[in-house]
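Colleague: Quick one: the structure is below, and I'll ask about it shortly.
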């Protein structure tokens with residue numbers, strides 16, 4: 001099983017079996033695996049709805065941690081380029097069929113018609129594209145920098161116009177014998193796991209940002225832990241935390257969105273809070 005690791009104390013890629021001397025690191029990794037794999041006996045935390053699915057780890061679970069075989073645990077550092085075969089195949093196929101693929105971006109104070117016109121698209125086609133697109137997006141409130149993909153044939157005639165609608169979802173307006181038609185595409189996605197650990201300096205939120213956690217993850221983490229700790233009184237510089245969470249990744253363009261927090265632990269001066277959920 002591969003776990004995607006992002007950890008402040010590791011500065012190089014690791015892919016190996018962990019020896020026993022790594023102690024607490026191994027136990028945390030085992031806890032992560034158990035949170036995903038085993039039907040653990042648990043005690044409910046103080047978290048009410050909508051966080052009733054989060055639990056504290058108890059002594060019964062800890063005994064399983066000590067007997068769990070960690071020999072098959074492997075780590076893979078988060079990051080690096082994505083060389084997805086799907087993206088490459090699509091590019092090659094398009095290259096065989098057309099002469100030009102162009103990505104254009106909406107400028108400040110620019111309308112979509114103006115963008116299409118400056119890219120040599122005929123007025124008649126431009127008006128048709130805007131009319132079709134307006135059924136899916138508010139064309140009057142498009143954000144600056146919005147990306148569009150234009151495909152032209154060998155005679156410089158527009159063949160298709162594509163835009164991203166939402167995560168893993170795009171719209172292609174394609175020329176056909178009957179005129180332009182709209183086709184919605186759903187990209188395949190994959191669930192990936194991330195692990196972040198660090199020592200708190202100042203606040204948990206600012207520490208998380210420094211370690212690369214997104215605002216979405218930190219807001220959710222704050223909501224979950226707020227039922228167990230007082231952030232103003234209980235958390236101090238020098239305390240430690242870790243969070244194991246999942247993201248959804250678009251297999252085609254590499255974009256990501258937060259999915260869920262699987263396991264988190266907050267080690268304070270006088271206590272430790274460990275919460276997990278079964279997804």
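Colleague: Residue 245 passes all but one of (1) farther than 30 Å from residue 186 by Cα; (2) in contact with a helix residue (DSSP H, G or I) (Cβ under 9 Å, 6 or more places away or on another chain); (3) at pLDDT 90 or above; which number fails?
Modeller: If we test residue 245 against (1) farther than 30 Å from residue 186 by Cα; (2) in contact with a helix residue (DSSP H, G or I) (Cβ under 9 Å, 6 or more places away or on another chain); (3) at pLDDT 90 or above, just (1) comes out false.
Colleague: Considering only the range 195-210, state which residues are surrounded by fewer than 16 Cβ atoms within 10 Å (Cβ to Cβ) and in contact (Cβ under 8 Å) with a residue 40 or more places away in the chain.
Modeller: 199
Colleague: Report yes if some residue within the range 247-254 is surrounded by fewer than 14 Cβ atoms within 10 Å (Cβ to Cβ) and at negative phi; otherwise report no.
Modeller: Taking the range 247-254 and keeping what is surrounded by fewer than 14 Cβ atoms within 10 Å (Cβ to Cβ), we get 254.
Those still in the list that are at negative phi too: none.
No, the range 247-254 has no match at all.
Colleague: I need a count of the residues in the range 257-271 that are more than 19 Å from residue 201 (Cβ to Cβ), in contact with a strand residue (DSSP E or B) (Cβ under 7 Å, 6 or more places away or on another chain) and either surrounded by fewer than 16 Cβ atoms within 10 Å (Cβ to Cβ) or free of Cβ contacts under 8 Å to residues at least 60 places away in the same chain (or both).
Modeller: Residues that pass the stated criteria total 4.
Colleague: While we're looking at this one, here's another question. Are any of the residues in the range 176-194 assigned to a strand (DSSP E or B), closer than 30 Å to residue 232 by Cβ, touching a residue at least 60 places away in the same chain (Cβ under 8 Å) and in contact with a strand residue (DSSP E or B) (Cβ under 9 Å, 6 or more places away or on another chain)?
Modeller: To start, the set of residues in the range 176-194 that are assigned to a strand (DSSP E or B) comprises 176, 179-186, 189-194.
So of that shortlist, the ones also closer than 30 Å to residue 232 by Cβ come out as 194.
Applying the additional criterion that residues be touching a residue at least 60 places away in the same chain (Cβ under 8 Å) yields 194.
Pick out the ones that are also in contact with a strand residue (DSSP E or B) (Cβ under 9 Å, 6 or more places away or on another chain) and you get 194.
Scanning the range 176-194 turns up at least one residue that is assigned to a strand (DSSP E or B), closer than 30 Å to residue 232 by Cβ, touching a residue at least 60 places away in the same chain (Cβ under 8 Å) and in contact with a strand residue (DSSP E or B) (Cβ under 9 Å, 6 or more places away or on another chain).
Colleague: Continuing with this model, one more query. On the given criteria, is residue 92 part of a helix (DSSP H, G or I) and modelled with pLDDT under 95? Please lay out each step first, then the result.
Modeller: On the way: part of a helix (DSSP H, G or I): yes; modelled with pLDDT under 95: yes.
Yes: the conditions hold for residue 92.
Colleague: Against the definition (surrounded by 16 or more Cβ atoms within 10 Å (Cβ to Cβ) and without any contact (Cβ under 8 Å) to a residue 60 or more places away in the chain), how does residue 226 come out, yes or no? Working first, answer last.
Modeller: Working: surrounded by 16 or more Cβ atoms within 10 Å (Cβ to Cβ): no; without any contact (Cβ under 8 Å) to a residue 60 or more places away in the chain: yes.
For residue 226, the condition - surrounded by 16 or more Cβ atoms within 10 Å (Cβ to Cβ) and without any contact (Cβ under 8 Å) to a residue 60 or more places away in the chain - is not met.
Colleague: Which of the residues spanning the range 117-154 are in a helix (DSSP H, G or I) and touching a residue at least 24 places away in the same chain (Cβ under 8 Å)?
Modeller: As a first pass, look at the range 117-154 and keep what is in a helix (DSSP H, G or I): 117-118, 123-133.
Hits for the range 117-154 are 125, 128, 129, 132, 133.
Colleague: Please determine, by comparing only the residues of the range 110-149 that are within 20 Å of residue 177 (Cβ to Cβ) and in contact with a strand residue (DSSP E or B) (Cβ under 7 Å, 6 or more places away or on another chain), which one is surrounded by the most Cβ atoms within 10 Å (Cβ to Cβ).
Modeller: The selected residue is 129.
Colleague: If you don't mind, there's one more thing I want to ask. What number of residues in the range 155-175 are assigned to a loop (DSSP other than H, G, I, E, B) and surrounded by 12 or more Cβ atoms within 10 Å (Cβ to Cβ)?
Modeller: 3
The values are calculated or read from the model by the stated rules, or taken from the named source; none is laboratory data. These figures come from a predicted structure and were not determined experimentally. A quick note on method: Cβ atoms are made from the backbone with ideal geometry, for glycine too, and the neighbour counts reach across all protein chains shown.
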